[in-house]
Amino acid sequence: MKQFLNVLSFELSNYFKNKGYMITTILFSILLIIGLSLPSFFNMSKLIPQLDQNSTESIESVEEISEEDKKSFVIIDNNNIFENLDILESAFLNSKWTKVTSLDEAEELIKLENVEAGFSVDSLTKFSYLVNNSGFTDTNQMIFENLLSSLGQQVYANEHNLNINDLQSVIHPSFDSDVTILGKDSANNFFYVYIFIFAMYMMILLYGQLIAVAVTSEKSNRAIEVLVTSANSNSLIFGKVIAAALASFIQVGVILASGMITYSLNSKAWNGLLDGIFKIPSNILLTFIIFGGLGYFFYSFIFGALGALVSKTEDISSSIGPITMIFVIVFFISMFGLSNSDSLLIKIASFIPFSSSMTMLIRVAMGTVSNFEIVISFIILLASTILTALASAKIYRLGTLMYGNPIKLRNALKWFKKEKIS
């Protein structure tokens, strides 16, 4: 135990002395603190919706802006469907409209970027939308269609002596409905699971490679010969992996804690806008801590063993390539599971140690899973992590004393069985 604690404290001190580690932790924490504190010091009512106001519409009024700042549109309306352009200006917020008589004139204005877009309307059910570059968030055509639909309903009501309000109540009835969620609120949980899976993906890849590099660096300068002959291999590999885990947990924890504490102090200024982000359901958080933590250790021990199989840092990528590829495949399977959490693939993957750390989180947050399945998956992952840790310690001791060409993992396992290294 003393050897393990010595290795653990030494490795942790190396992380805390690392300028990149400290700068990253402090910088992200400061950015979160500043960003989440802004509404308490500056008037950001224009950017933050007032969620506590009783209003039937999301926007009560639109501030007056200058004519130069309004978006310009053109319209070809030879049938005089829009007698008054005020209707268009009301439908398109902060806009100004100009009538032109020909398609060539409209196209020329749009190409010169004097106007944003234009419409050529033939009837209440037929029009053309003119735009120079169509953007992904372009809603002009949809707004225009809705406007023509409203005008068409008005014309129909007038022709048949109907009350337009009565007609609207039939076409667009108001509903009084409640939503009772008996299972999981997958829509809200999607965000949390996505962030947790992505965080786990980055942590395992980043710190896993750091562990492998650390082991190989010690081997390349022959310092490992002294370490492995004077200390127990279990203490060495366990100390390195657990130190990396603690360092990553501390880094992520400090950043998240700074954000959560700052937001709790400024939540009133935010009008509860970010409550859905920082108020994580306890079952999701607990599952992430348990399965994410075990999965992290599982992969970290593998990275540590693979780092001991090579003598040069430039050979690390080839050594850890297979496990990295496996983990990337697991990540894509998990991304698939976000939209199909109860699929057979995700159910099977939730019991496989390589993927259960992510897929079980998906099933708990968004799918259907029994407590018995969660316990079984946890036991499998825990047993696999312990066995992987013990095997990694053996491979670590064997690999660190061999130099030259990189050792293949299957050969290391064969030698391990043959020599029965302890």
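The values are calculated or read from the model by the stated rules, or taken from the named source; none is laboratory data. Quantities reported herein were computed from a predicted structural model and do not represent experimental measurements. Here Cβ is always computed from backbone atoms with ideal geometry, including for glycine, and neighbour counts include all displayed protein chains.
Beta carbons closer than 7 Å, at least 6 apart along the sequence or on distinct chains, pair a first residue in the range 235-258 that is farther than 15 Å from LEU205 by Cα with a second that is among the small types (Gly, Ala, Ser) and modelled with pLDDT under 85 for ILE237/GLY304; ILE237/SER392; ILE237/ALA393; LYS240/ALA214; LYS240/GLY304. Those helices (runs of 4 or more DSSP H) of the range 292-369 in which 2 or more residues are free of Cβ contacts under 8 Å to residues at least 60 places away in the same chain occupy 316-337, 344-349, 356-366. Going by the conditions given, is MET366 modelled with pLDDT of 65 or more and within 25 Å of ILE242 (Cβ to Cβ)? Considered against the rule, which asks whether it is modelled with pLDDT of 65 or more and within 25 Å of ILE242 (Cβ to Cβ), MET366 comes out as no.
Comparison of PHE119, PHE73, PHE82 shows that the only residue that is surrounded by 17 or more Cβ atoms within 10 Å (Cβ to Cβ), among the hydrophobic types (A, V, I, L, M, F, W, C), in a loop (DSSP other than H, G, I, E, B) and in contact with a strand residue (DSSP E or B) (Cβ under 9 Å, 6 or more places away or on another chain) is PHE82. Scanning the range 233-255 for residues that are among the hydroxyl-bearing types (Ser, Thr, Tyr) and within 20 Å of the chain's Cα centre (by Cα) yields a single hit, SER248. In the set (1) of a type in the set (S, T, N, Q); (2) at pLDDT below 90; (3) under 24 Å from SER248 (Cα atoms), THR385 fails one condition alone, (2). Among the helices (runs of 4 or more DSSP H) confined to the range 144-237, the ones with at least 3 residues that are surrounded by 15 or more Cβ atoms within 10 Å (Cβ to Cβ) and either assigned by TED's automatic domain parsing to the domain that holds PHE119 or at pLDDT 85 or above (or both) are located at 186-220.
Residues in the range 85-103 that are in a loop (DSSP other than H, G, I, E, B) and surrounded by 15 or more Cβ atoms within 10 Å (Cβ to Cβ): LEU85, PHE92. State whether the residues of the range 279-301 include one that is modelled with pLDDT under 75 and within 20 Å of the chain's Cα centre (by Cα). Looking for residues that are modelled with pLDDT under 75 and within 20 Å of the chain's Cα centre (by Cα), one finds at least one in the range 279-301, hence yes.
Looking at the range 348-359, is at least one residue at pLDDT 90 or above, over 22 Å from ALA199 (Cβ atoms) and assigned by TED's automatic domain parsing to the domain that holds TYR299? Checking the range 348-359: at least one residue is at pLDDT 90 or above, over 22 Å from ALA199 (Cβ atoms) and assigned by TED's automatic domain parsing to the domain that holds TYR299.
Residues of the range 327-348 that are surrounded by 14 or more Cβ atoms within 10 Å (Cβ to Cβ) and of a type in the set (Val, Ile, Thr): VAL330, ILE333, ILE346.
Considering the conditions (1) surrounded by fewer than 21 Cβ atoms within 10 Å (Cβ to Cβ); (2) at pLDDT 65 or above, LYS414 is excluded by exactly one of them, (2). When the range 349-368 is limited to residues that are more than 17 Å from the chain's Cα centre (by Cα) and hydroxyl-bearing (Ser, Thr, Tyr), the one that is surrounded by the most Cβ atoms within 10 Å (Cβ to Cβ) turns out to be SER350.
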